[in-house]
Amino acid sequence: MKNKAMMRFSLLVISIFLMSHLAIAPAIPKLYDYYHTKNASLGLASVESLVTVPAMMITITVLLSNLVVSWIGTKRTVLLGLGLIGVFGVLPTFLTSFPLIFICRLMLGVGIGLYNSLSISLISDFYEGEMRAQMIGLRTAFLNIGKALTTLIAGYALLIGVNYTFLVYLLAFPAFILFYLNIPESSQAQVPVKDAMTWNYQVGLVTALTFLVGISYIGATIKIPSLLVTQYGFSTTLSSQLLTILAFSGIITGCCFGPILKKLGDTTLFAVLIAMGIGNFLFTLPFHLPLFIIASILVGMSFVGIMSFNFYYISKQFSKEQVHFVTSLAITGGNIGVVLTPIFLTKLLEKFQIETFITPFYISSCLMVLACLLAYLLLRGRNESL
């Protein structure tokens, strides 16, 4: 029998790449200078799209991944995704043609999207009970670790040369080998896509929850810098420090999710939703550094807690044949929320001539009140069905 610890690590490590498309974001100014010297007609927006375009492909591919699994199986789908990340993630290091680099970034998004929801449904295939809850929490923690780790490595690679930033995706190859050697093919029989598909009010509520949380979390992430730098006149260093605190606080929640769920049960969801609302509300108060640090911790910890609970709920409430599809819908709901965040929290406010620094945090806090109502309907429905 395979080493249990190595199997768990191999299953978790694939999650470090799920937000790796953001790793090159700090290099955008230098990437622009690099590509602009080779093509003077290239604008900054085009270079910035190298960060955003993969997200679009992730959203599309997450929904199509069910079809790929039905063709080639779960393990091969994950390996295909990791392979695409490794190959097309690294290729821009050696390319100078921007259109080709753009295509590589599209394929990077395809690779991430292929196994995004599988990183959760595989946990449901191999683990039950408390171990499942612990693994789902750790999976979300590894996602946050990956976001910080890939950004850090890309930043150091930038010191060598701007095109070396893309070498961070070489990490996908060790993960590929670990997964290939230590994770068996899922024992779940492959079912036709139409049999895996399901839709009811519970699916709708979970998807709506991730949609609202996506807006609230990403809203805080993009509005904290503008609040501190533009509104209060602080340096970008302070905003970066708060965002780092926000990211790392989520790792703590992910590691402790299993014991928290065991202690609080369904109350866990309400606790983390309220924490998200309070965290956003604290940013509406006059600047006070300890207060804003607490707010960052609350937002970071609650986001991981909410997402971990939602994925655990899906794994418990739906059959193993349906978990992948429902998880894909939930992730898609969150991604749509992320994409629409600038519209809801900036463009609409500007259109109605409402200030755009503090008001977004009020909106995010109110969204968590609505999320609590959805959570009540979701959990009440489950209890009635028991």
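The values are calculated or read from the model by the stated rules, or taken from the named source; none is laboratory data. Predicted, not measured: the structure shown is a model, and the values here were computed from it. Here the Cβ positions follow ideal geometry from the backbone for every residue, glycine too, while neighbour counts run over all protein chains shown. Surface areas here come from the heavy atoms of the whole protein model, side chains and all, with no ligands, DNA or RNA. Shrake-Rupley method; radii C 1.70, N 1.55, O 1.52, S 1.80 Å.
Tell me, in nm to one decimal, what length is gained between SER240 and VAL339 on full extension, where the rule is 0.36 nm per residue of separation less the Cα-Cα distance? Display every interim value, and only then the final one.
Working: separation 99, 0.36 × 99 = 35.64 nm, distance 2.17 nm.
Full extension of this stretch gives 33.5 nm more.
Provide the gained length on full extension for the span LEU106 to GLU130, in nm with one decimal, where the gain is 0.36 nm per separating residue minus the Cα-Cα distance. Write out the running numbers ahead of the final one.
On the way: separation 24, 0.36 × 24 = 8.64 nm, distance 3.75 nm.
Separation in residues times 0.36 nm, less the Cα-Cα distance, equals 4.9 nm.
First check a/c for the chain, with a ≥ b ≥ c the square roots of the eigenvalues of its C-alpha gyration tensor; if it is under 1.5, answer rounded, and if not, answer prolate when a/b is larger than b/c or oblate otherwise.
Details: a/c = 1.65, a/b = 1.07, b/c = 1.55.
Oblate, because a/c is 1.5 or more while a/b does not exceed b/c.
With a ≥ b ≥ c the root eigenvalues of the C-alpha gyration tensor of region 17-121, is it rounded (a/c under 1.5), prolate (a/b larger than b/c) or oblate?
Working: a/c = 2.68, a/b = 2.38, b/c = 1.13.
Prolate shape, in that a/c is at least 1.5 and a/b is the bigger ratio.
When the Cα centres of region 236-298 and region 94-148 are compared, how far apart do they sit, in Å?
23
Kindly report the accessible area of the chain per residue (heavy atoms of protein chains, probe 1.4 Å, no ligands, DNA or RNA), in Å². Please list the in-between numbers first.
Numbers: 16390 Å² over 386 residues.
Each residue of the chain exposes 42 Å² on average to a 1.4 Å probe.
Quick check on my link table: of LYS75/LYS223; LYS75/LYS147; LYS147/LYS320; LYS4/LYS263, which ones sit more than 30 Å apart, alpha carbon to alpha carbon? Could the numbers behind the result be given before it?
Values: LYS75/LYS223 39 Å; LYS75/LYS147 24 Å; LYS147/LYS320 28 Å; LYS4/LYS263 26 Å.
Too far apart for the 30 Å limit: LYS75/LYS223.
Using a/c under 1.5 as the rounded threshold, could you call region 144-187 rounded, prolate or oblate? The axes a ≥ b ≥ c are square roots of the C-alpha gyration tensor eigenvalues, and prolate needs a/b larger than b/c, oblate otherwise.
On the way: a/c = 4.73, a/b = 2.45, b/c = 1.93.
In terms of gyration-tensor shape, prolate.
Over the chain, what percent of the accessible surface lies on carbon and sulfur atoms, probe 1.4 Å?
Details: 11660 of 16390 Å².
Answer for the chain: carbon and sulfur cover 71 percent of the accessible area.
Over the Cα atoms of region 242-386, what radius of gyration and what Dmax do you get, in Å?
In order Rg, Dmax, the Cα atoms of region 242-386 give 16.5, 50 Å.
As an exercise, use a Förster radius of 35 Å and the Cβ-Cβ distance of LYS316 and ARG76 to find the FRET efficiency, rounded to the nearest 0.05. Let's see the in-between values first.
Details: r = 27 Å, r/R0 = 0.77.
Once rounded, the FRET efficiency stands at 0.80.
Grab the Cα-Cα distance for LEU370 and MET6, subtract it from 0.36 nm times how many residues apart they are, and report the gain in nm with one decimal. Can you show the working numbers first?
Details: separation 364, 0.36 × 364 = 131.04 nm, distance 4.10 nm.
Length gained, LEU370 through MET6: 126.9 nm.
Anyone know which of MET56, MET307, MET368 comes out most mobile in the 10 Å Cα GNM of the chain?
MET56
Sorted by mean Cβ packing within 10 Å, highest first, what order do the peptides 199-207, 281-289, 130-138 take?
Details: 199-207: 16.9, 281-289: 14.6, 130-138: 21.4.
Put in order of decreasing packing, that is 130-138, 199-207, 281-289.
Can you pull the one-decimal nm distance between simple spin-label points at ILE252 and LEU95, each 7 Å off the Cα toward Cβ?
Computed distance between label sites ILE252 and LEU95 equals 4.2 nm.
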